[in-house]
Each structure stands twice: as C-alpha cells, then as structure tokens.
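Visitor: Sharing a structure below in structure tokens format, with a few things to ask.
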C-alpha cells in the first residue's frame, strides 16, 4: 500500500482506466499522470531553488485543477489552495501567508489578481503550456509526514487559517471512505465541492485516487446536479454545508430515483435533508463531523438518534473551557428537551492531543489557541448523552445569554427545520435592549411555499422540546443566506445586519404572537 500520494500516483502512471470525465472528454490515468508530470517538471524548473516551493492554485473545479493536485503530489512540492471567493487585500494576504512562489490561475480567475501587491510571486496561466517540461525530477522524494497541501479553513468565525496537510492525512481519510463504501475503479466520483478545501480533497479527490475511480469535476449547481450525475454515471459524491438542502429545494420529479448514485458522504446536513435526499434519489447518505484540521472525528453508526452526529473517535470529549473538566452527561425531559444545558454543553476537544493537526502555517498564536492544556480545542460546542451520542450545539460564538440562561443555536435550528416549508435556517444572537441577547432566526422557504406569522407561532407552540426562551424574538424571511465557498452560513454577516428591517421581511415576537415590523 502506498505511503504517500507521490507513490500512489506513480503507481497509476501506466493504467488505462478512465481518470477524468469532463464535458465530452475523458482522460485515462496514464494521460492524466503524463500531463501532471509535465506541469510539475515545468514548475520546478521555473522556481527559485533557494526558496521553499509553494505553489498556489486559484482555479475552478476542472481538469486543470486535478492536474495541479496531481502535479504537486508527484513533484513533491507544497500546493496551496486559494479560496476563489476571496477578493482584494484578503486574497493577497492569503497568498502571502502561505509564501507562494508561483500562483497557477485559469482564465476565469486571472482578473482577481489584477492590481494586487504580490511581491516575489510569479503568476502562470494554465491555459499556456510553453512553460511545461518533459522530464520530471521531483523537487523532493516525500515521506508520509511531509506537507502535501496547505488548506485554508472556511473562515466562518474569523480570518481563514492555513492548515498544513500531510500526504498521510489525505491517504488516511480517503482509505477509510473507500473501505467503508466499497468503492473501486468501476466507480465515478462527482467532485462538485471546491478542490481548494478539505472536503473536496479528503472526501472527493483522495477517494478517487485511492480507489482508482474516475473523477467528474464540476461547479456545484442544484439545478444541474441530477443531469450531471446521470451524464457522468456518478456513483459517489461528497458534500459539505448545505448542498443537499439546495438540491432538495428544486422541484421533485417522478424519475428522480432513476440515477446511478449509490453513496453521498459529507458534513453538516440536517437530519431531515439526509432522509429526504436518500428517499428522493435512491442512495445512501452518510453524514459525519470532521474539520480541516482532522483533530476531531465523529462518525454515525447504526442506532444513531435523530439530531446526533454520531460517536467520537478515541480521545474525543466535551470539556468546560473554564474549569478544564469534562461536562456532565446530557439529560432530557420526557419531551426530549435538554434540561441541563449549562452543565452539559461544552467545547469539543481531543484529550489525546493534536490528532492529525500539524498546526497553522505562519500563525503560531492561532495554533497555540487550538492546542491548550495538552488538548486540541475545536471551537465547536456540543453535548453528549449517556450512550455516548454527540449533539452539536454550534460554534463557541453561538452562545446566547437570554434572560440569564445560556442557549446555543444548533438545537433551535434542528427544531425549526421540522417545519416542512423551511428549507434553510440560521439562528444567531442579537443584542437585547437591556442586557444579554435575544434569539434571531433567518429562514429561507422552499420554492413557492409560504409561511405566515400565525402559522409559525402555532408551529413553535407545538414543539414540546423547545424552551420558551429559545423562541426567536426576531425572524427574517430571507431569499438566501450568505455562505462561504464551502456552503457554510456566514453568521457574522447576519449578526452585522441586526434587526433593522431595511427593506427586509422581518417579524417580531410579542409573547407567543409574531407580527411584521
């Protein structure tokens, strides 16, 4: 078994199975590896040998992006995934933070670099091939612990940080999924999540690499999803954030289940969407928890209760960051409401240490913040029941102090999604006029569906596990929610908008009654 991506790709250099499907074209593994070798050879020849060879990629999900990934693995240099939604100074800062010598761009994103101050950076358009070379002499022969890629965190709660990802991390993640779902070279992986992000690399590209399956790179589109799956014969897909909800918002057709998809694997889908996607498209959906840092891993298994993300790998626990002690086991009343939220809710940690986390590049302070008291602190809130099932409660920034009681966002979001006409929801704090916080919810309805303030109030009153203090004081009926490139909701933007109607449809609660303001 290969110990590095460099070794694994080398083993595929003579294989004539299909590696890439894109539009009407296909590439064999041999053709794909040959193109990647030529790119790696050209970049190594063009690089300054005195400086570390860090190559940025600012590209869409296309065969060119797959070539860049394979070239970095074969060439033994470090690839730096640059978020294609970043702009201006933020984009320049990311490129500088990971010390790129070279940045590869495609025609779609070339203009994003115009006018930016990028000292010491050479920009290469991948549509031009004159810089490529024939014979590859790797920059280095890598080992399992050598860095393959730098991947930025999503930046939902602050500036993105560059995680150093070793060859072994990609192989470990991919091999586990290949084994779990029985994937082989006969499969096709639909890669519609950004390939500059961990989910796209760990659960998409790496899975295809480890299994020998074909890759079908694509830009995510809810309306085009099913036609792509059928066109490419895709049997496996990965997702992160809310793609399942976006797809389910499209009109259902009688033949939706007539498709080759067998498995969808990802993170952060709602229970309702997992069940509905599986029913509608006739596939298995497996949702787990794992951050870019891969220091905490939680997986679902048989018997996983509704609302839970599963059970943690060894070392995963829930700690009070103030007392540095493990939180109480969650207790529930007869209606299923959590009755000891303050004592049971804490931060997800890895008590064994950093796990696979190697640190944030050029950011020792952020690394130290994650690694405290001999443990890894995730920044995610959760609670755990007596059987060990873990329930997410949001990010640490999602704590709300309502009428003297600590409340978290995720449990409220799970309850609101029981309302069938709601497609997506975000719950977040807004300042109380006197002290503490009030709960606000931004909701997106399914297409052509309606929800009145009266119906919403009746729905909340019928939820036996919803505390009266968890009822949203304000509700925004939004057309859409701001998200990152990885489909995660940017709550800080919602918080910044506050409760000023400013042309929005906003409701306010008085007791148990909602009315438009």
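Visitor: Can you give the angle from 0 to 90° between the axis of helix 88-97 and the longest principal axis of the chain, with both taken from C-alpha atoms, to the nearest 10?
Guide: Compared with the principal axis, the helix lies near 60 degrees.
Visitor: Here's another thing I want to ask about it. How big is the Cα convex hull of the chain in projection, averaged over all directions, in nm²?
Guide: 24.7
Visitor: If you restrict to DSSP beta bridges whose two residues both lie in the chain, what percentage is antiparallel, to the nearest 5?
Guide: Among the beta bridges of the chain, antiparallel pairing accounts for roughly 60 percent.
Visitor: I need the peptides 64-71, 365-372 ranked by packing, meaning the mean over residues of other C-beta atoms within 10 angstrom, with the highest value on top.
Guide: Ranking the peptides 64-71, 365-372 by packing returns 64-71, 365-372.
Visitor: Also, quick follow-up: Would you mind giving the three semi-axes, in whole Å and largest first, of the ellipsoid equivalent to the stretch 162-201 according to its Cα gyration tensor?
Guide: 20, 14, 7
Visitor: Using only Cα atoms, find the angle between the long axis of helix 63-75 and the longest principal axis of the chain, and express it within 0 to 90 degrees, rounded to the nearest 10.
Guide: Result, in degrees: 70.
Visitor: Please compute the Kirkwood hydrodynamic radius of the stretch 401-516 from all pairs of different C-alpha atoms, in Å with one decimal.
Guide: 14.5
Visitor: Rank-order 115-125, 206-216 by packing density, defined as the average count of other C-beta atoms within 10 Å over each peptide's residues, highest first.
Guide: 206-216, 115-125
Visitor: Next question. Compute the relative contact order of the stretch 128-179 as a whole-number percentage, counting only Cα pairs closer than 8 Å that sit 6 or more residues apart in sequence.
Guide: Worked out over the stretch 128-179, it gives 29 percent.
Visitor: A further question on this structure: Using the C-alpha gyration tensor of the stretch 5-287, what are the square roots of 5 times its eigenvalues, in whole angstrom, with the largest one first?
Guide: 31, 22, 17
Visitor: I've got another one for you. Taking a quarter of the surface of the Cα convex hull of the stretch 235-352, what do you get in nm²?
Guide: So the Cα hull casts an average projection of 9.4 nm².
Visitor: Can you tell me what share of the DSSP beta bridges in the stretch 401-516 is antiparallel? A percent to the nearest 5 is fine.
Guide: 85
Visitor: May I pose another question? To the nearest 10 degrees, how steep is helix 271-281 against the longest Cα principal axis of the chain, on a 0 to 90 scale?
Guide: Once rounded, one gets 60 degrees.
Visitor: I would also like to ask the following. Compute from the Cα atoms of the stretch 1-45 the Rg and the Dmax, the latter being the longest Cα-Cα distance, and quote both in angstrom.
Guide: Using the Cα atoms of the stretch 1-45, the pair Rg, Dmax is 11.6, 34 Å.
Visitor: Report the full-extension gain for the segment residue 118 to residue 340: residue separation times 0.36 nm, less the Cα-Cα distance, to one decimal in nm.
Guide: 74.7 nm
Visitor: While we're on this one: Computed from the mean reciprocal separation of all distinct C-alpha pairs, what Kirkwood hydrodynamic radius does the stretch 28-73 have, in Å?
Guide: 11.2
Visitor: Could you please rank 455, 311, placing first whichever residue has the fewest other Cβ atoms within 10 Å of its Cβ?
Guide: Fewest-to-most Cβ neighbours within 10 Å comes out as 455, 311.
Visitor: Related question: Would you work out if the stretch 53-183 is rounded, prolate or oblate? Take a ≥ b ≥ c from the square roots of the eigenvalues of the alpha-carbon gyration tensor; rounded if a/c is under 1.5, else prolate when a/b is larger than b/c, oblate otherwise.
Guide: Oblate shape, in that a/c is at least 1.5 and b/c is the bigger or equal ratio.
Visitor: Let me ask something additional. Sort 488-495, 246-253 by the packing proxy (mean of other Cβ within 10 Å over each peptide's residues), most packed first.
Guide: 488-495, 246-253
Visitor: Work out how far the C-alpha atoms of the stretch 100-149 reach from end to end along every principal axis, then list the three figures in whole Å, largest first.
Guide: The principal-axis extents, from largest down, are 38, 26, 20 Å.
Visitor: Need the full-extension length gain, residue 368 to residue 452, defined as separation in residues times 0.36 nm minus the C-alpha distance. One decimal, nm.
Guide: 25.4 nm
Visitor: Moving to a separate point now. Over the residues of the stretch 302-398, compute the C-alpha Rg and express it relative to 2.2 N^0.38 Å.
Guide: The reported ratio for this selection is 1.13.
Visitor: Percent relative contact order of the chain, based on C-alpha pairs within less than 8 angstrom and at least six residues apart?
Guide: Answer for the chain is 10 percent.
Visitor: In whole Å and largest first, what semi-axes does the C-alpha gyration tensor of the stretch 243-305 yield when each eigenvalue is scaled by 5 and square-rooted?
Guide: Whole-Å semi-axes of the equivalent ellipsoid: 24, 12, 11.
Just so you know, all these numbers are worked out from the coordinates, no wet-lab data involved. Every value quoted in this text rests on a predicted model; they were computed, and no experiment measured them. When we count neighbours, we look across all protein chains shown, and the Cβ atoms used for this are built from the backbone with ideal geometry, even at glycine.
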